[in-house]
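Every number in this text was worked out from the coordinates using simple rules, so none of it is lab data. This structure is a prediction, so every number in the text was calculated from the model and none was measured. Note that we place each Cβ from the backbone using ideal geometry, even for glycine, and neighbour counts take in every protein chain shown.
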Ligand SMILES: Nc1nc2c(ncn2[C@@H]2O[C@H](COP(=O)(O)OP(=O)(O)OP(=O)(O)O)[C@@H](O)[C@H]2O)c(=O)[nH]1
Ligand SMILES: [Mg+2]
């Protein structure tokens, strides 16, 4: 039996959350075309007959501008030190020198498994170029090419990970997918929809707090607050005559029902919490501080 912890890190938009979902085969982490989608360290567990891999998806590495960002980078650093294997995920089109400096600056002596994602977007010559660039680097433990969204190279990656893990008993029950609460995933699924419904900067200014989660026999009754930090944003979230929040509610409900495999009743409220991204009390309340 082999078991251990694998951390997935990398720059925003590399496809970390897409990779986690593809490896687990379930939607565990929200994904969007915009950068900085993931804010928490998200644990998801893959169990087989003789192995268990506990993955952590982490926020993309950025230069912190707010307390929220500092907490996001805290989640990245926490994952570095306690993992058996550190995956550094890159976009196949990334500037390799920039990736190298980031790895060296961030990781010091920790060696990484470089996973090159989005190979569906590059040709053979770029692949050769990437392979030769990393072939001589001391910080590289292994190099693997995948496409997370097209599901290419994932079995090879999983086998390699199992081989890199120490011999150990499983850490979690075999049927566990995560050790995080359902409420967390529900709030994330609502937040995910905001990336698709609202323009530009607004999703970055939003937090979602679940205020009610009541399981009844045939339905789960859920209420959530959409937190914004200015009064003007409240109007945008609501939309003319409440049209946008209605869309948000419908799209969220569909994705939560799919995730929980149960009917849900969802109520959304908008609350203004001035400058919440820099306020420790609010960050704690919305789950960004442990
Ligand atoms: N073409 C292509 N696109 C991909 C692939 N993997 C992920 N993507 C896309 O890349 C975008 C970012 O994916 P995410 O999984 O949210 O990226 P992330 O690294 O988790 O981003 P942050 O959470 O913001 O750090 C999404 O639009 C994905 O659909 C891939 O293999 N090929
Ligand atoms: Mg992500």
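The mean sequence distance of close C-alpha pairs (under 8 Å, at least 6 residues apart), as a share of the length of region 119-262, puts its relative contact order at 15 percent. Shape descriptor for region 2-164: Rg over Rh equals 0.93 (Cα atoms; Rh from the Kirkwood inverse mean 1/r). Taking other C-beta atoms within 10 angstrom as a stand-in for reagent exposure, 121, 113 fall in the order 121, 113, fewest first. When its C-alpha radius of gyration is set against 2.2 N^0.38 Å (N residues), region 1-71 gives a value of 1.18.
According to the Cα-based calculation, Rg over Rh for the chain is 0.98, with Rh computed by the Kirkwood formula. Taking springs between alpha-carbon atoms closer than 10 angstrom, which of 108, 153, 79 fluctuates most in the Gaussian network model of the chain? Residue with maximal mean-square fluctuation among 108, 153, 79: 108.
Histogrammed with a bin width of 5 Å, the alpha carbon distances of region 166-225 distribute as 4, 14, 18, 16, 16, 12, 9, 7, 4, 1 percent, first bin at zero.
Counting other Cβ atoms within 10 Å as a rough exposure proxy, the listed residues 32, 125, 159 run 125, 159, 32 from fewest neighbours to most. Each residue in 116, 6 was given a count of other beta-carbon atoms within 10 angstrom of its own, and listing them fewest first yields 6, 116.
Centre-to-centre separation between the Cα atoms of region 79-117 and those of region 207-259: 36 Å.
Once both axes come from the Cα atoms, what is the angle between helix 154-164 and the longest principal axis of the chain, in degrees from 0 to 90, rounded to 10? With both axes taken from Cα atoms, the answer is about 70 degrees. Across region 2-164, C-alpha contacts under 8 Å between residues 6 or more apart give a mean separation that, scaled by the residue count, equals a relative contact order of 24 percent. Subtracting the Cα-Cα distance of residue 125 and residue 250 from their residue separation scaled by 0.36 nm leaves 40.5 nm. Distance distribution P(r), region 233-290, all Cα-Cα pairs, bin width 10 angstrom from 0: 20, 33, 39, 8 percent. Along the Cα-to-C-beta direction of residue 167, a point sits 7 Å from the Cα; which residues of region 1-26 have their amide N less than 17 Å from that point? Under 17 Å, as judged by backbone N against the label point of residue 167, lie 1-4 of region 1-26. Helical content of the chain, expressed as a calculated mean residue ellipticity at 222 nm, amounts to -11500 deg cm²/dmol (DSSP H runs of 4 or more residues, -39,500 (n - 2.57) each, divided by residue number, nearest 500). Pairs of Cα atoms nearer than 8 Å and 6+ residues apart set the relative contact order; for the chain it is 19 percent.
Within region 241-281, name every residue whose backbone N is under 13 Å away from a label modeled 7 Å from Cα of residue 215 along the Cβ vector. Within reach of a label on residue 215: 260-263. The share of C-alpha pairs in region 182-285 whose separation exceeds 20 Å stands at 35 percent. Which value does Rg/Rh take for region 87-199 over its C-alpha atoms, Rh per Kirkwood? Here Rg/Rh amounts to 1.04.
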